[in-house]
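Have a look at the structure below, then the notes.
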Amino acid sequence: MRYIFLFLLLHNLLFAIASPLDKVFNWAEQGYKDFRTYPRVNKAYELIEQNRTKEAKSLLKKALEIDSNNQKAIDLMLNICLEEKNQNCIDKYIDKAKDINLGYIYKEKAQRAKEAKEYQKAIDYAKKALKYKLKREDRYFVKLIIFDSYLKLKEYIKADDFINRRRLITYQLLKWSKVSDNLGESVYAYDLASELPNKAEYLKWQIELLLKNKEYKKASKKMEILYKVEPTPENKKQLLYLYSLTNQDENIVKVYQQKLAKGCDEYSLNFLLNYYKDNPAKEYQILKQNYPYKCVEDKKRVQFSLEYISMLKKRSPKRAKRVAKELLNNSNIVLSKKEKIFLYQTIGENYKIAKLYKSELNSGNCNRDALLYLLDFYRNKPSKYVQILKEYYPYSCLSPKKRNMLSLELVDNIIDKDKERAKEILSNLDINEIDPKSYIYISNLEAKLQNYQESIRYALEYLKYYPNDVEAIKHVGFLYFKLNQKERSAFYLIKASKLNPNDVDLLKNIGYLCVDLKEYDTATYYWNLYLKKRKNDSKIKLELASLYFYKLKDYKKAEKYLKEYKKYVKSPSIEYYLLKAKLSTQQQNYKIAVNSYKKALKVKKDDSIMYEYAHALYKTNQKDKAIKIMQQLADKSDNMEYKKELAYMYEREKEYSKAIDNFKYITKESPKSNNHLALAYAYKKVGKDEEAVREFKNAIDSNPNMNKKELKNIKNEITNSKKIHLYIAESARLDGDKKYQSTKHINNTTYNGFGSIELSYRPEFLPKRTTLFANILHNHQNPKESIQPSIGVRYQPLKDKQLYISASKFIKGGKSSRKDALLRASLGISSKDKSSNIYQNLYVDGGYFTKSDSFIAYGNYETGKKYNINKNIKVSPYLSTGATYNNDNKQKKGITNLDIGVGVAMDILPNETKYEVTPYRNRLKLEAREKYAGNSKDKNTVRLQWEFFY
């Protein structure tokens, strides 16, 4: 406790000492601040007087940074902010300022708050402003801000208190009512005005406010009071207006009925007729009671009279006619054309209407009503109706739809007599103005004019709106057919058939169309569908049989439909017999074919049928009769086919001289390539190769665009027809010839080098493919001593096969040559596929020496790949394997050699000539071989060989 007391005593002592010290320090600190801010504030004053406010503002900001409570700096800064109207700056310093009238600042802030619809803030700022001294008009303006803000906040009690409503006298009530109205508060304005007395001036003001507030019922009540106070015509008119506005019609009607009862009154009559326009009975009574409406002007009088006549037509037609005549006969009244027409209709004088309308149209003015009336008037008189259509085309006063409809009607009426005008009218139509339903009608008209492309255009537009209209789709299909666009035609007709599969005629037509398009399977499909619905249509059965036979090669179905056709007809057509004959020929039933041709010829004598009949006779071995008929056809007709077939018949019967005579005549009359070829082959068969070559060349000359394959065959024929052939071969052993190897008469049976030359000749007197030849063979060790001449004969048993049998006689030549005879057979097989790059050769050769009684044999197989260096040179690397056997030695010892090797061959060909493929050919071969089995001493070799063929 003692320590606490000491602490408190010490604290109080220190506080007593510190308090005067703090004051001293604070005074010193403030003095220092004033020392720093004073020059800046004074300088700011000077700058403001010089209008250098920006520099003054900068100094004041610096002063306020030093001393934020410097009152002079704050007041000066606020003055600058007010001049610059810098609201943020004003807000920052306004609460610290002392020596400035802030009333106007608060007034400005109140106005801004009101404009921003911050009404409570506006009230607060305005009240602050009122605390300061303001000008009278400014004070009134601030009060208006407060009053308007209370009204906007709907705080009407506070507004009442603010204007001291309870103590307001009449003129003040009126004043504040008008002020409220000006402020857009007309409801509150009326609330104030409602306390005003019932004087005319105040009642008018109240009515004005009620009208603004759309309180018409209240306004009418106030108007009744005003009318009692001031019963003027103007007030009565306004009262009637308010009655009508608030649907108080019964009050209005009473007023006008009373007035009309006293006599004709234009305004009352107009009102009552308008009022009762939906009550025909009342309207009729008013019109009846007030006829002839003398109190109204002529125009209205005519109007009411016409309305009266309209009502009389149903109630009293005779009275209606009488009134109409009175109106027509009244010379003082000018009637319009329309009014005259109505009156003429009433009294039944329609011809006068037609005359009136026609006169108007003839003046050059297109009138819709006139034109339509005339068309209707002459509806049952076709010639006059069409005349109207012609005269007043293009009906420019009508709607596009009606105009187009009449244009089409005109086209329909003149299309047969005046096609050019019909085309012109159709070309003027705008497709965008036409009812889509009419597109198909226009399409039909265009088709009638043979404008098929336009017809299709309209039909396709129609299908955009009615895509499943079968008749329209068919129509498009037939139009495309007329334009010979058969594929499109088929597309649309098939589409129509899918939508309406029961249209049997369409199925039949599609079948015919598909035949034209060579879509034979589709044709048979639709014809079969057709026959399911119409089984007895024999014509289509015959069509199907023909289609299956000629195009689809389905002979069983052709026979089936041919039989079905026969069931339904008593007298078959010539087409039936011809088809049956052809079918029988195909089935090799030639006797039936001959019988069918006979029946066909009974129906119709025709050279083409006789031609086929002769063929059938030939097949039944009635060859003489067939040739006789063909000779008759050839003699009486210029048709080269008959001559050609006769020539072929003679050729088949090996009467070559007659065949050649006919072919010569044919080539003379028709020098075509195929005719020259036929003659060439006929010459070949009788061994006249020179004549054959001549005709082969003529065939080439007569057809510059001949098929390449056919051309090559003909060139080969020309080349192979040569009688003299030359073959040269030279083979050099690059590793040196061996002495223990002798020359063999079948090349390549030894590895040693050799040379050979052979000349062959094919005489005409020998059998075909038989050749005489002479050969000289030698080796490279002792060329002169080893020369071995020989002569012989060679035969090729199979055409186009490299199989040869020969017999040759050796003649003594060099010292080491011999006399003997050699019987020899050889076979060569090469790859012939020109499109393939495979290189393959197989060669087998064997011989028997009759005098020495010894054998020699050789076989070799090569396989590789060909590379075309250019069109004349081919290089072929290859692998090979071979075998040899011979016992052609003194000991008659069999020597064998089996080897393998690698090589490369180069074929060098000349350019192809006009008539020959390869007149000659060079071949170089370089190869290395090695023995892998056999008893031959020679084990391997490398050799180079050259061959020349001519």
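The values are calculated or read from the model by the stated rules, or taken from the named source; none is laboratory data. The structure displayed is predicted, hence computed values, not measured ones. Every residue, glycine as well, gets a Cβ built from its backbone with ideal geometry; the counts of neighbours run over all protein chains shown. Only protein heavy atoms, including side chains, enter the accessible area calculation; ligands, DNA and RNA are left aside. Shrake-Rupley method; radii C 1.70, N 1.55, O 1.52, S 1.80 Å.
Computed quantities for the displayed model
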{"read-out": "The chain, relative contact order in percent, only Cα pairs under 8 angstrom and at least six apart counted", "value": "3"}
{"read-out": "222 nm mean residue ellipticity, helices alone, for the chain (DSSP H n ≥ 4; -39,500 (n - 2.57); rounded to 500)", "value": "-18500 deg cm²/dmol"}
{"read-out": "Whether segment 853-929 is rounded, prolate or oblate, judged on the alpha carbon gyration tensor where a/c under 1.5 counts as rounded", "value": "oblate"}
{"read-out": "Share of carbon and sulfur in the accessible heavy-atom surface of the chain [1.4 Å probe, %]", "value": "52"}
{"read-out": "Residue pairs, from the table Lys668/Lys799; Lys658/Lys685; Lys338/Lys358; Lys299/Lys340; Lys390/Lys437; Lys539/Lys619, whose Cα atoms sit over 21 Å apart", "value": "Lys668/Lys799; Lys390/Lys437; Lys539/Lys619"}
{"read-out": "18 Å Cα cut-off, lysine pairs counted over segment 843-913 (separation 8 or more, or different chains)", "value": "5"}
{"read-out": "Cα shape, segment 424-472, gyration tensor, a/c 1.5 rule", "value": "oblate"}
{"read-out": "Too-long pairs where the Cα-Cα distance tops 22 Å, listed order kept, from Lys294/Lys321; Lys532/Lys604; Lys486/Lys582", "value": "Lys532/Lys604; Lys486/Lys582"}
{"read-out": "Residues Leu499 and Val386, FRET efficiency given R0 of 41 Å [Cβ-Cβ distance, rounded to 0.05]", "value": "0.65"}
{"read-out": "Above-threshold pairs, the threshold being 27 Å between Cα atoms, out of Lys672/Lys708; Lys688/Lys809; Lys259/Lys314; Lys738/Lys819; Lys684/Lys925; Lys107/Lys204", "value": "Lys688/Lys809; Lys259/Lys314; Lys684/Lys925; Lys107/Lys204"}
{"read-out": "Cross-link reach list, aspartates and glutamates versus Lys127, counting only Cα pairs under 19 Å and skipping chain neighbours closer than eight places", "value": "Asp91, Asp95, Glu108, Glu115, Glu118, Glu137, Asp138, Asp148, Glu155, Asp160, Asp161"}
{"read-out": "Distant alpha-carbon pairs in segment 177-283 (separation over 21 angstrom), percent", "value": "44"}
{"read-out": "Inter-probe distance in nm under a simple model that places probes 7 Å from Cα toward Cβ, at Lys237 and Tyr525", "value": "8.7"}
{"read-out": "The chain: C-alpha gyration tensor shape, a/c 1.5 cut-off, then a/b vs b/c", "value": "oblate"}
{"read-out": "Cysteines without a disulfide-compatible neighbour (Cβ-Cβ under 4.7 Å), the chain", "value": "Cys514"}
{"read-out": "Computed over segment 567-608: relative contact order in percent, which uses C-alpha pairs under 8 Å that are six or more apart", "value": "40"}
